[in-house]
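The block underneath contains the structure these notes are about, expressed in structure tokens.
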Amino acid sequence: MLVVAAGAVSLGAGWVSGPAAIGVLSLMLVAVLGIVWTAFVGGLETRRALAPYGLLKPGILWLCLFFLAPLWSMLEMSLSAKKSRFDFSPSFSWHWGNYATALTDFGPQFGRSFFYAAAATVLTLLIGYPLAYVIAFRGGKFKSVLLGLVAVPFFTSYLIRTLAWQNLLADEGPIVGLINKLGVEQVFEWLHIMDNGRLMNTPAAVIGGLTYNFLPFMILPIFVSLEKIDARLVDAAMDLYSTATGAFRKVVLPMSLPGVFAGSLLVFIPAAGDFVNAQFLGSPQTTMIGNSIQDQFLRQLNYPVATAMSFVLMSVITVSVLVYAKFMGTEELM
Amino acid sequence: MDANDPVVKLDHVRKQYGSFVAVHEADFSIGRGEFFAMLGPSGCGKTTTLKMIAGFEQPTDGRVMLEGADVSQVPPHKRNVNTVFQQYALFPHMSVFDNVAFGPRAKKISETETKKRVSEMLDVVRLGEFANRRPAQLSGGQQQRVALARALVNYPSALLLDEPLAALDLKLREAMQIELKRIQREVGITFVFVTHDQGEALTMSDRIAVMSEGRVEQVGAPQDIYMRPQTLFVAGFIGSANLLPGTVASVDGGVVRINLAGGAQVAVSSSQCADSVDVSTGARVTVMVRPEHAILGSNVEGLAVRVTDTVFQGSSMRIVGRLSDNTEVVALAPIDPTHATPQPGQDCTITWQATSPYVLGGWPETAGSTTTNVDSIEAAL
């Protein structure tokens with residue numbers, strides 16, 4: 001297994017090429033055939049012992065070739081230096097300066113990314129939890145239909161849905177029109193949702209887009225954890241002198257925290273790296289780190305700085321997730 | 001408040017869901033420190049009645065009284081009764097200690113007092129060393145005792161138990177029956193116990209309410225219910241019985257003479273008749289004889305019976321026979337080596353002691369032994 005995994009990484013990361021690559025490939029083939037052969041000649045016990053590895057193989061190979069290997073190349077790139085503006089194959093030279101550039105030049109983008117992602121996470125939680133609660137406990141025979149409706153937006157492309165928001169939020173669009181008709185622009189301005197009579201190209205529009213696009217990822221895990229809760233536990237809590245609110249606080253909420261935790265990660269992580277919403281609904285003042293990375297990669301062709309930014313993003317997300325996990329006390333959650 | 005006042009009183013309670021009547025009229029009281037069972041087949045309304053006492057259901061008509069106060073519209077968390085749920089409903093995310101402490105904490109009892117009470121109660125149910133475990137780490141019997149402790153720690157006026165032993169296997173169930181009785185004696189709290197198992201109800205309770213199709217058929221001590229059932233349902237549901245339909249031929253001097261459907265005439269003392277039974281001449285009645293009270297003999301005067309089957313049961317012999325009109329009857333005979341066991345095909349007579357038969361009003365759906373009916377009821381459950 002290890003041979004196969006190492007082989008896949010080394011091929012993908014480009015450590016070996018030419019005749020050496022053929023050598024590595026044949027080594028991998030021998031290892032795989034070895035396992036198959038052992039399973040074939042071995043008894044039932046041997047086969048049973050080897051079965052987990054056999055089942056893991058496709059996943060491990062996939063991850064090695066398309067995740068670990070590119071990750072390695074990126075790490076290498078992030079520590080490489082460009083000799084000139086037009087040097088498109090920078091060489092590895094422990095060039096930590098890329099990270100300094102990533103952190104100093106793109107501070108506001110990082111800050112906005114985490115602020116927008118956090119805001120979207122809180123909003124999806126506030127909107128999604130009651131929705132999941134109603135579907136799980138009051139859905140009755142419509143439960144699967146309601147759950148299906150939550151997933152319906154996925155039938156349309158992410159990009160199209162975001163573009164549709166442009167029309168909704170446009171200056172001549174229905175929402176701005178309604179706000180003007182009701183004459184409550186001042187309220188929205190005061191809430192910093194509107195800016196100079198506009199909904200488009202504001203931070204609120206970006207956060208709104210993120211919230212809308214990632215809402216199902218919050219609802220589904222919360223629904224799953226709520227649905228597992230036996231309604232008699234609520235009866236038991238009320239029988240033991242808790243009010244309905246008390247029963248929710250002490251029984252339903254703690255038991256649904258694994259779902260809240262999973263949902264928050266599923267929303268926060270992709271939202272922090274998202275660039276679509278900021279690009280279509282935002283303005284130059286609302287660019288997120290995803291936009292900057294995309295720009296460095298595809299427009300500036302500055303691979304070293306782009307990869308360094310990616311690593312900074314990745315490590316900040318990892319650290320914040322770990323802190324969150326510690327704070328939520330996941331081991332307490334079964 | 002008198003110590004002899006009932007703890008729970010159901011005052012003409014009725015519960016209706018749409019056009020379906022779950023409980024027709026429950027009207028009985030449960031005394032202080034009593035072990036009270038509500039017994040009946042599934043769908044008889046016993047659980048609905050329990051839920052009305054707990055506060056999870058509100059009666060359509062009538063009143064539920066707790067310690068003399070009308071609580072019909074009081075929500076569960078404001079009633080001083082606690083429930084042991086059928087599948088225990090322990091909080092899986094809390095330790096045994098936190099489960100038991102849930103009630104006292106919700107009542108805002110001080111943490112020191114809570115701790116004292118919880119450890120006391122865990123000792124009563126003999127789970128002292130399991131305080132830090134999670135419910136999932138306990139066996140079924142231990143979870144059951146946690147559920148008991150969690151309810152009892154609040155010193156409720158009455159403890160409500162909804163089929164508490166149904167989820168346990170036979171051996172454990174028998175052990176828990178004894179354990180429940182012990183705990184009840186120790187804490188002296190009124191237990192209201194719902195079960196479909198007549199054996200459980202008979203062995204554990206001080207009094208039983210037998211229910212069927214939403215009606216309370218009879219309330220009484222186990223011996224009363226068994227020896228003097230007031231309705232044909234109770235006679236058939238509790239234990240097994242031979243139900244012999246007939247009509248009253250004559251009544252004189254405290255003796256009721258009944259012509260059985262098969263043609264024979266039997267005489268029963270009027271003290272052996274159900275309370276409200278009509279024993280005027282010509283009335284339809286049923287004579288109930290328990291199998292263990294039926295005495296099989298030959299060459300004596302009695303009901304003629306032809307033996308069809310004999311089953312050795314260890315402590316006794318179960319003899320199945322048919323009367324002249326083909327009604328099936330069952331007798332339990334003690335194993336006696338000095339007497340020959342009747343053989344299938346043999347003609348015998350059935351007699352009984354004067355105190356054995358009991359006369360009920362009306363005719364049963366099927367005449368004869370109810371053993372098979374009881375078996376089918378238990379199989380359906």
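The table that follows gives values for the structure above.
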| quantity | calculated |
| --- | --- |
| Ascending count of other beta-carbon atoms within 10 Å, so fewest first, for B:12, A:95 | B:12, A:95 |
| Rough spin-label spacing in nm, given labels placed 7 Å along Cα→Cβ, for residue A:36 and residue A:301 | 4.4 |
| Estimated Rh, the range A:101-333: Kirkwood, alpha-carbon pairs, angstrom | 19.7 |
| In nm, spacing of pseudo-spin labels at residue B:306 and residue B:175 (7 Å Cα→C-beta vector) | 5.1 |
| Out-of-range pairs (alpha-carbon distance over 19 Å; input A:228/B:171; B:46/B:171; B:78/B:181; A:143/A:228) | A:228/B:171; B:46/B:171; B:78/B:181 |
| At most 15 other Cβ within 10 Å, DSSP loop - chymotrypsin sites (Phe, Trp or Tyr not before Pro), the range A:256-334 | none |
| Burial ordering of B:24, B:93, fewest other beta-carbon atoms within 10 Å first | B:24, B:93 |
| Estimated FRET transfer efficiency (residue B:166, residue A:185; beta-carbon r; R0 51 Å; 0.05) | 0.20 |
| Column: log10 I(q)/I(0), Debye, Cα scatterers of the protein assembly as shown, q = 0.11 Å⁻¹ | -1.18 |
| FRET efficiency estimate (nearest 0.05) - Cβ-Cβ, residue B:224 to residue B:249, R0 30 angstrom | 0.60 |
| GluC sites (Glu not before Pro) within the range B:253-336, DSSP loop, no more than 16 other Cβ atoms inside 10 Å | B:301 |
| P(r) weight above 16 Å for the range A:213-315, C-alpha pairs, percent | 68 |
| The protein assembly as shown: calculated mean residue ellipticity at 222 nm from DSSP helix runs of at least 4, using -39500 (n - 2.57) | -14500 deg cm²/dmol |
| Calculated SAXS-style log₁₀ I(q)/I(0) at q = 0.14, 0.15 Å⁻¹ - the range A:2-78, Debye, Cα scatterers | -0.51, -0.58 |
| Helix runs (DSSP H) in chain B reaching 24 Å along axis by Cα, Kyte-Doolittle at least 0.5 | none |
| Estimated inter-spin distance, residue A:245 and residue B:343, nm [label 7 Å along Cα→Cβ] | 8.3 |
| FRET efficiency, 1/(1 + (r/R0)^6) with R0 25 Å, evaluated for residue A:314 and residue A:160 via beta carbons | 0.30 |
| Most mobile listed residue (A:205, A:308, A:244) in chain A, GNM with C-alpha springs under 10 Å | A:244 |
| At 0.692 mPa s and 37 °C, Stokes diffusion of the range B:259-374 via Kirkwood alpha-carbon radius, µm² per second | 219 |
| Most fluctuating residue given options B:114, B:355, B:286, as computed from a GNM of chain B linking Cα atoms under 10 Å | B:355 |
| Semi-axis lengths (Å, descending) of the ellipsoid that matches the C-alpha gyration tensor of the range B:33-118 | 27, 17, 12 |
| Loop GluC sites (Glu not before Pro), the range B:134-240 (other Cβ atoms within 10 Å of the site Cβ: 16 or fewer; DSSP) | B:213 |
| Centre separation in Å (Cα based) which lies between the range B:130-148 and the range A:37-97 | 47 |
| Largest-first ellipsoid semi-axes for chain B, taking √(5λ) over the Cα gyration tensor eigenvalues, angstrom | 46, 25, 16 |
| Zone residues, the range B:152-179, relative to residue B:29, backbone N less than 19 Å from point 7 Å out along Cα-to-Cβ | B:157-159 |
| Gaussian network model of chain A, springs between alpha carbon atoms under 10 Å - residue of A:138, A:47, A:299 with greatest fluctuation | A:47 |
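FYI, it's all coordinate maths here, none of it is from the lab. A quick note: this is a predicted structure, and the numbers were derived from the prediction, not measured. All Cβ positions, even for glycine, are placed from backbone atoms using ideal geometry, and neighbour counts span all protein chains on display.
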